[in-house]
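Written below as structure tokens is the structure these notes are about.
Laboratory data are not the source of any read-out in this text; all were calculated from the coordinates shown. Since this is a predicted model, take the numbers as computed values, not measurements. In this analysis, Cβ positions are derived from the backbone assuming ideal geometry, glycine residues included, and neighbour counts consider all displayed protein chains.
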Amino acid sequence: MIRKFINKINKGDKSAAAPAGKTIYAIGDIHGCAKLLDQLIAKIDADAGGLDAAQLVFLGDYVDRGPDSKAVIDQLTALRERQPDAVFLKGNHEALLLDFLKDPEDMAHWLDWGGEETLASYGLSDILLRSGEDLAADLAEAMPPEHLSFLKTLTLTYRQGDYVFVHAGLRPGIALDEQSEDDLLWIRKRFHNTPRDLRPPYTIVHGHQPVKKPLDKGWRIDVDTGACWSGTLTAVALEGAARRFIST
């Protein structure tokens, strides 16, 4: 049954804090920009004094639009092996890719959302001249099993301290455990314009909505700086009550 928050104590402001002794780095939408991901991980490594001192949280949208989605998934699956506490959230573009594999004819519009670049990164050619069914079959064959396993095991939300991490955002007035997957992956204005009395009792860290500069509104933080268009990939570092942005 849908229930609304009774927001008696709202920590969704600048007083929100990460757990003591832990620095969390939440990384925005990568969209096939493998070189930018390498650069940002190197900056996080230097900032943290070694990746072992950091917890990485990836906010989704690893594929599509940029030049090398396959290389990005290679990087992330390798990071998952080295960083067992790393968190990988699902974005709407991962959902589109998985839906295309299941129902390619109905999901052919994925190509217009950046799927063409993803298919090319896996070595497929003549993409616009072929049927969705053929493309999906070839993608399933070209994709390493660990890539498909990675995509199928992505999570929707993650909570640490006073922060909740999600790809797109939350529907106002709905408890975290009652949010729909569609909203968690796709919501925009309704979340961005949440009235003060319906804001959740934690700060939301998200991507999905490209911004020219990383955005800290107190109750929400947007770190999607449009890497595939701007050449800037961003993370927010959360340490105690401190917040700082790191960008390529």
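Descriptive notes on the structure:
- Neighbours of Ala120, meaning other residues whose beta-carbon lies under 10 angstrom from its beta-carbon, give a summed charge of -2 when Lys and Arg score +1 and Asp and Glu score -1.
- Once you divide the Cα radius of gyration of region 23-247 by 2.2 N^0.38 Å, the number left is 1.00.
- The angle between the Cα long axis of helix 132-142 and the main principal axis of the chain comes to about 80°, on a 0 to 90 degree scale.
- Neighbour-count order for Lys152, Lys43, fewest beta carbons within 10 angstrom listed first: Lys152, Lys43
- Using alpha-carbon coordinates, inclination of helix 34-48 to the longest axis of the chain, degrees: 30
- Isotropically averaged projected area of region 68-164, using the convex hull of Cα atoms (one quarter of hull area), nm²: 6.6
- Globularity ratio of region 161-215, using Cα Rg and 2.2 N^0.38 Å: 1.06
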